[in-house]
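Please treat every number below as a calculation from the coordinates, not as lab data. In this text, all values refer to a predicted model and were calculated from it rather than measured experimentally. In this analysis, Cβ positions are derived from the backbone assuming ideal geometry, glycine residues included, and neighbour counts consider all displayed protein chains.
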Amino acid sequence: MEEPVVSMKNINYAYERKNVLNEINFEIPRGVFMGVLGPNGGGKTTLIKLILGLIKPDNGNIRLFGRPIEKFKDWSKIGFVSQKANSFNKGFPATVYEVVSMGLTAKIGYLKLFTVKHKHKVLQTIDQVGMSDYAYENVGNLSGGQQQRVFIARSLVSDPELLILDEPTVGVDQENVRKFYDLLHHLNDEHNITLLLVTHDTGTMTEHATDIVCLNKTLHFHGDPGEYKTLTNKDLSQFYGHPVNIVAHDH
């Protein structure tokens, strides 16, 4: 059986003596599109930091691509896109090409010169996210949705096998949100990139993800969208810690 991309067993994490994550056990199988739902303060960002090796759990074990995280070195296999849409510096003096090129730096080294092959890879990745017409445009002149595609390209240019996205549609208009999810489906279906997406958008996530995780300090639910839709208002209220009403999304 193929090793999961991420495996977390008996993970606990506390910050300033306050429990943030309690007894987290779950895996991310290769090739899934996993959506992580949960309230503010529920531990979603902490979960991402643990997977990225930015913080260490108080106890428990994390494995990435079958290796203990302490021994994992091939970080180019993991791409990360943060919440940037409404915090990006519009005056940042860089073109789309230059921003995407930054994604290759860690893989080829800071002191290595770009070859023709590297330049082709950057342009190919820009085209992959539908931004070829803007390759030499200043990234600060782009819309929020276009900028998001650029930052996805920066993460994709090193050919990651896992792409983690933290609230990626914040500040992006609805039309570009639809295009954004179309892009994620393309990456997942055609390029077999495993996706982990953290979001508050419950309705949209159940339409697109193959797996749903509900996190609020502990793992309250892990299943497919069909199973998630069987949860009652009472179930969700217990999970979120306050009354919740399910709203149907008609398409």
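Positive-end ranking of THR206, VAL116, GLY130 along the dipole of the chain, with charges on Cβ about the Cα centre, is headed by VAL116. With q set to 0.13, 0.14, 0.15 Å⁻¹, the log10 of I(q)/I(0) for the chain, from the Debye formula over equal scatterers at the Cα positions, is -0.87, -1.00, -1.13.
Relative contact order of the chain, taken over Cα pairs closer than 8 Å and 6 or more residues apart, is 26 percent. Extension gain, THR232-GLU70: 0.36 nm per intervening residue step, less the Cα-Cα distance, totals 54.3 nm. Projecting label points 7 angstrom from Cα along Cα→Cβ for LYS56 and GLU137 puts them 4.6 nm apart. Charge dipole of the chain (Cα centre as origin; +1 on each Lys and Arg Cβ, -1 on each Asp and Glu Cβ, all else neutral): 1040 debye, rounded to the nearest 20.
GNM remark for the chain: springs join alpha carbons under 10 Å apart, and the peak mean-square fluctuation among LYS18, LYS119, LYS229 falls on LYS18.
Do the alpha carbons of any pairs in LYS9/LYS73; LYS121/LYS229; LYS56/LYS107; LYS71/LYS117 sit beyond 32 Å of each other, and which pairs?
As for pairs spanning more than 32 Å Cα to Cα, those are LYS121/LYS229.
Placing unit charges on the Cβ atoms only, positive for Lys and Arg and negative for Asp and Glu, gives the stretch 200-240 a dipole magnitude near 220 debye about its Cα centre. A helix-only calculation puts the chain at -10000 deg cm²/dmol for mean residue ellipticity at 222 nm, using -39500 (n - 2.57) for each DSSP H run of at least four residues, averaged over all residues. When only Cα pairs below 8 angstrom with a gap of at least 6 residues are kept, the stretch 97-246 shows a relative contact order of 17 percent.
Count the DSSP beta bridges whose two residues both fall in the stretch 6-240, then state the antiparallel fraction as a percent rounded to the nearest 5.
Values: 20 of 38 bridges.
Percentage antiparallel, nearest 5: 55.
Once both labels are positioned 7 Å from their Cα atoms along Cα-to-Cβ, the gap between GLU3 and ARG30 label points is 1.0 nm.
In this simple spin-label model, placing a label point 7 Å from the Cα along the Cα-to-Cβ direction at both LEU183 and HIS200 gives a separation of 2.2 nm.
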